[in-house]
Every structure is written in structure tokens, then in C-alpha cells.
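Colleague: Structure in C-alpha cells, see below.
The values are calculated or read from the model by the stated rules, or taken from the named source; none is laboratory data. These numbers were taken from a predicted model, which means no experiment stands behind them. Positions of Cβ are generated from backbone atoms using ideal geometry, with glycine treated the same way; all protein chains shown enter the neighbour counts.
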Ligand code: NAD
Ligand code: UGA
């Protein structure tokens, strides 16, 4: 079937960039991205593309090119569903915060709402695509909802998980390692649906990188990919502590490992801990699924990746306190970076939130500087933890819009996001205006330690000999 009209439900970090690229590459297909969040849609439609709700290098140019040509952002979900031949579901699937599976299982209420809305609106046959990351076998639940409306509409359900990473979303979408399409490979209709989606990607992705599997393999591959990636970070972070104790240097160890082509060099950067909306949520979801099948050893194995990551964040903050003569009470501490990684304004599960919370519990006076994150976002991240009152958070943590101002009179600086610009600051000037000894805790191993030492700083990095 030749696709003419695409609807994407969910205009977030995945829906927005993914559909922008599809619209750019397929000018003959009308792509409508819908969301119930009116502010988000208004921001996607803002004439000033600097105000797009998602910051991603290269994205604003693509949106500028395609918007109003064949890319539309709207709150009219019903109408977009009605007109579409193909519907991507790209809504949020966060960890459940209530009831059975609380703190572990994925909350699928938004997915189910989408399915019910599609079922109530659709008058002609549609291909439904799971773009969100979902527990394995969710497609069966979608099918149950969609097939029981009695209106005779036929649906094909495909799983097409997204592997983009934030900060490199546009590059990842333009040049993906692979596109995974799971579908009903045993029926003619299923194969045709897969073909229709594949033809869209084939406009810019080499055919050999488009992989077709059954639906369950596709759903499970997405969770597995994130679990493997996160496991690498936890593995190198586990070694970072051993490096600190033994005189080994985690950077050198990672280099030695990475040159083994069986291991590979990527994702071996030791850090203050991984963040982001997905690694933790997807592993917890995997753990929950394994437990629900009684696979306790499998569940424990993967849960350890999260336990290690929580430990690394705590260890980083405790190390700061210990180095600052066992107390940070009343001391000004500057956090450079709040986003969970560079080149994004996303702060979900950022290690910075947990480091700040830990230091605030010890009565530190914190100042945060991040080049892309809004002040209100920082406060809302902290408030969400409910560790103290909103007033107390605003009293003890301030947000600066100038890095030099942020670092003035600080006892210590912690680098928590690897923003490129941090490397190029005038560190002599920062040193001159700090209290001495001037401590720098580099949670990203970003800065040049030798230069900092020459200036007079006392720098500490993750996984380097003490
Ligand atoms: P997001 O929270 O940024 O966006 C989801 C959007 O869906 C929100 O704007 C929300 O208002 C909207 N929404 C929810 N229910 C709706 C409904 N019934 N009708 C219309 N709109 C609705 O989430 P995201 O980061 O884009 O992630 C979406 C999914 O993609 C998740 O399952 C996530 O695990 C997965 N994923 C995310 C990334 C990433 O880098 N963020 C990468 C790969 C996969
Ligand atoms: C990750 C995956 O890389 C994507 O493939 C996947 O699509 C996405 O999750 C998702 O499902 O949401 P993302 O979370 O955007 O992407 O960013 P990553 O580059 O994976 O980084 C995740 C976290 O790990 C960041 O906090 C990053 O700083 C940290 N990290 C990463 C390290 O500490 N060390 C590394 O070597 C790599």
C-alpha cells in the first residue's frame, strides 16, 4: 500500500525529530504530529525555531524546511487519526508510580488510550506502528483493543522501535545503524504492512540496514539494546572505583578494552552515572517482565546494572563531601551541567538531580549553570523527588545564567554534563575567584587535569588514581 498520510501520536523527543526527518525525506507524504499537550504543539509551531520544545543539533533546519509543506503539528488528534493510513504511536511509557508493578513496570495507560482513540475514530484500514518502547507482547494487547470494536476496520500492528540517542537524534535518524521492523511475517497482509513501512525508510536508509523480524523479537530487542548499553556504562563505572583504589586509570583501561574488536570502543566512558528517560525505565521494565515469568536470576542480573548506577551517583556525591573536609554545610558548590548528557535540554533522570539532592541533604548551598536547561525545569526536577519543600529547594539552590558568576566564591565545582563549552572556559579566571583550596570534581573526565593542576586547582576525576 502506498502511504500518503501519516499521523504520529506524541510530539516528544522521539515523535518530533522522527517525523521531521520522515517529512523531509518524503515530501509527497503528509505527516501530522499530534499531542494533547497544547504548549508543546504551540512550541513546535513557533515561528522562531529556536523555541522548538526539543533541542537537537540540526533539527531546527529540518523543521524549517518541512513545516507547513508536508509536516504539521496539531492538537486535533481525532482528525489526524481519521485521515491517516499509517499511525505511529510515540507516547511516553514511564515507570509506573502506583499499583501493581509500581516502580518497575512500564505504565501503558497512554498507549491504551491511543489504541482506544484509534478504535473509536477509524473508518478505514490502518497500519499501527509501535514507536514507543514497550514491554514484549504489548502488540497483543493493542490487537485485543483494536479488534473488538465491531466496526470492521482491519489493522496491521508493527513494532518499529526507535534507537536514536538524544543530542545526536538527527544524525542517528539520517544514518541509522539499523531500522528494525517487527510484524506479522506469517501472513500476506502482515508482509505488505512491513513492506509499506520499509519503503518509507528505503528513501534514505540502505535496504540491507532494514531488518525484519517477528513482532515479539522486535519489541524485546529494543529493551535488550538499552539494557546492553547501560550495562556497559555500569561495568566501566564499577571498574572506575577499583581504578581509584589500585592506581589504574579507567581511561587507559577503557582504551585497552576498546581495541579488542569483540568488545568495541564505544560506551566505555566512565561517568558520574548514566541518566536519561530510558535506560533505567527500560531495565526496570525488563526486570519486571523477567520476574513475572518467574525468571528471578535473569531479573537479578539486570537489576544489578541499576544498583551499580545508583551507587555511582551516591559515591560521587559522597566523595565530594569527604574531600571537602567531611562537610559541605553552608558551602557554595557549583554544578556545571544539569542535562543528562551534552547537546540536549532533556534532564530526565539526570545524575545531576541526584547529586544535587544528596548535597542539599548535607545543607550545601548550590548554584547550577547549564547552557540549555531552563531554570523552572531544574526546580521541577528537584521538587519531583519530594526530599524537601519547594521553598527550601529555591532557598538552597540557585540557577545562574553566567558560568563565571556561578563559580565565583565557590568551595568546589562539579562537572556533571560533558558540554563542550566547559572545556574552553577561562579556568584561570575561575580559579582566581574561588575559595582555596579550589576543588574541581570532574564527573565526566572532560577537563584537562594537568592544566587545572598547573593553575592551582585540586581536581578529582572518576576512575583516576587517588
Ligand atoms: P515524551 O514524553 O517526550 O513525549 C511523549 C508525548 O506523548 C508527550 O508530549 C505527551 O503529551 C504525548 N501523549 C501522551 N499520551 C497522548 C495521547 N493519548 N494523545 C496524544 N499525545 C499523547 O517521550 P519521548 O522521549 O518522546 O519517548 C516516547 C517513547 O519513545 C517512550 O516509550 C520512550 O521509551 C521511547 N524512546 C525514547 C527515546 C528518547 O531518546 N527520548 C529514544 C528511543 C525511544
Ligand atoms: C539511549 C540509547 O543510546 C539509544 O539508542 C536509545 O534509543 C535511547 O537510550 C532510548 O531508548 O531512549 P540516550 O539515553 O538518549 O540514548 O543517550 P545515551 O547516549 O545512550 O546516554 C545515556 C546516558 O549514559 C547519559 O547520561 C550518558 O552520559 C551516559 N553514558 C553514555 C556514559 O556515562 N558513558 C558512556 O560511555 C555512554
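Colleague: Go over the candidates 441, 422 one by one and state the one that is closer than 26 Å to residue 267 by Cα and touching a helix residue (DSSP H, G or I) at 6+ places or on another chain (Cβ under 6 Å).
Modeller: Selected residue: 441, the only one of 441, 422 that is closer than 26 Å to residue 267 by Cα and touching a helix residue (DSSP H, G or I) at 6+ places or on another chain (Cβ under 6 Å).
Colleague: I've got another one for you. What residue, of 111, 128, is closer than 18 Å to residue 201 by Cβ and either touching a residue at least 24 places away in the same chain (Cβ under 8 Å) or not assigned by TED's automatic domain parsing to the domain that holds residue 55 (or both)?
Modeller: Among 111, 128, only 128 is closer than 18 Å to residue 201 by Cβ and either touching a residue at least 24 places away in the same chain (Cβ under 8 Å) or not assigned by TED's automatic domain parsing to the domain that holds residue 55 (or both).
Colleague: Applying the selection to the range 346-361, what residues are within 17 Å of residue 400 (Cα to Cα) and within 12 Å of ligand 2 (Cβ to nearest atom)?
Modeller: The answer is 347, 352, 353.
Colleague: Identify all residues within the range 1-30 that are part of a strand (DSSP E or B) and either within 13 Å of ligand 1 (Cβ to nearest atom) or within 20 Å of residue 92 (Cα to Cα) (or both); write none if there are none.
Modeller: Within the range 1-30, 6, 7, 8, 9 qualify.
Colleague: Say whether the condition of being over 22 Å from residue 172 (Cα atoms), outside any strand (DSSP E or B) and in contact (Cβ under 8 Å) with a residue 24 or more places away in the chain is met by at least one residue in the range 47-56.
Modeller: No, the conditions are met nowhere in the range 47-56.
Colleague: When you check residue 306 against the structure, is it under 28 Å from residue 242 (Cβ atoms), under 17 Å from the mean Cα position of the chain (by Cα) and surrounded by fewer than 22 Cβ atoms within 10 Å (Cβ to Cβ), yes or no?
Modeller: yes
Colleague: Another one. In the range 335-342, is there at least one residue being within 12 Å of ligand 2 (Cβ to nearest atom), modelled with pLDDT under 95, closer than 20 Å to residue 446 by Cα and surrounded by 15 or more Cβ atoms within 10 Å (Cβ to Cβ)?
Modeller: No, every residue in the range 335-342 fails to be within 12 Å of ligand 2 (Cβ to nearest atom), modelled with pLDDT under 95, closer than 20 Å to residue 446 by Cα and surrounded by 15 or more Cβ atoms within 10 Å (Cβ to Cβ).
Colleague: Return the residues of the range 362-377 that are part of a helix (DSSP H, G or I) and either in contact with a helix residue (DSSP H, G or I) (Cβ under 9 Å, 6 or more places away or on another chain) or surrounded by 13 or more Cβ atoms within 10 Å (Cβ to Cβ) (or both); say none if nothing qualifies.
Modeller: Once the filter is applied, which keeps residues that are part of a helix (DSSP H, G or I) and either in contact with a helix residue (DSSP H, G or I) (Cβ under 9 Å, 6 or more places away or on another chain) or surrounded by 13 or more Cβ atoms within 10 Å (Cβ to Cβ) (or both), the range 362-377 yields 375, 377.
Residue-wise test of (1) assigned to a loop (DSSP other than H, G, I, E, B); (2) more than 13 Å from ligand 1 (Cβ to nearest atom); (3) free of Cβ contacts under 8 Å to residues at least 60 places away in the same chain; (4) within 23 Å of residue 217 (Cβ to Cβ).
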site: 116; (1), (2), (3), (4): no, no, yes, no
site: 139; (1), (2), (3), (4): no, yes, no, yes
site: 151; (1), (2), (3), (4): yes, yes, yes, no
site: 161; (1), (2), (3), (4): yes, no, no, yes
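Colleague: Yes or no: residue 63 buried (at least 21 other Cβ atoms within 10 Å of the Cβ), free of Cβ contacts under 8 Å to residues at least 60 places away in the same chain and not in a loop (DSSP other than H, G, I, E, B)?
Modeller: yes
Colleague: Report whether or not residue 261 is in a loop (DSSP other than H, G, I, E, B) and closer than 17 Å to residue 460 by Cβ.
Modeller: Judged against the criteria, residue 261 is not a match.
Colleague: Residue 311: over 15 Å from residue 395 (Cα atoms) and either touching a residue at least 60 places away in the same chain (Cβ under 8 Å) or not in a helix (DSSP H, G or I) (or both), yes or no?
Modeller: In short, no.
Colleague: Tell me which residues, restricted to the range 448-465, are surrounded by fewer than 19 Cβ atoms within 10 Å (Cβ to Cβ), more than 19 Å from residue 315 (Cβ to Cβ) and touching a residue at least 24 places away in the same chain (Cβ under 8 Å).
Modeller: Matches in the range 448-465: 448, 451, 455, 456.
Colleague: Also, quick follow-up: Condition first: touching a residue at least 40 places away in the same chain (Cβ under 8 Å) and out of contact with any strand residue (DSSP E or B) (no Cβ under 6 Å at 6 or more places or on another chain). Now tell me which residues in the range 325-336 satisfy that.
Modeller: Residues satisfying the conditions are 328, 331.
Colleague: So which helices (runs of 4 or more DSSP H) stay within the range 167-250 end to end and still have 1 or more residues that are surrounded by 14 or more Cβ atoms within 10 Å (Cβ to Cβ) and within 14 Å of ligand 2 (Cβ to nearest atom)?
Modeller: 169-174, 215-246
Colleague: Now a separate question. Within the range 270-283, does at least one residue satisfy the condition of being more than 12 Å from ligand 2 (Cβ to nearest atom) and not in a helix (DSSP H, G or I)?
Modeller: No, the range 270-283 contains no residue that is more than 12 Å from ligand 2 (Cβ to nearest atom) and not in a helix (DSSP H, G or I).
Colleague: List every residue pair whose Cβ atoms sit under 6 Å apart, with the two residues 6 or more apart in sequence or on different chains, where the first one lies in the range 402-424 and is not assigned by TED's automatic domain parsing to the domain that holds residue 368 and the second, anywhere, is surrounded by fewer than 18 Cβ atoms within 10 Å (Cβ to Cβ) and at pLDDT 95 or above.
Modeller: none
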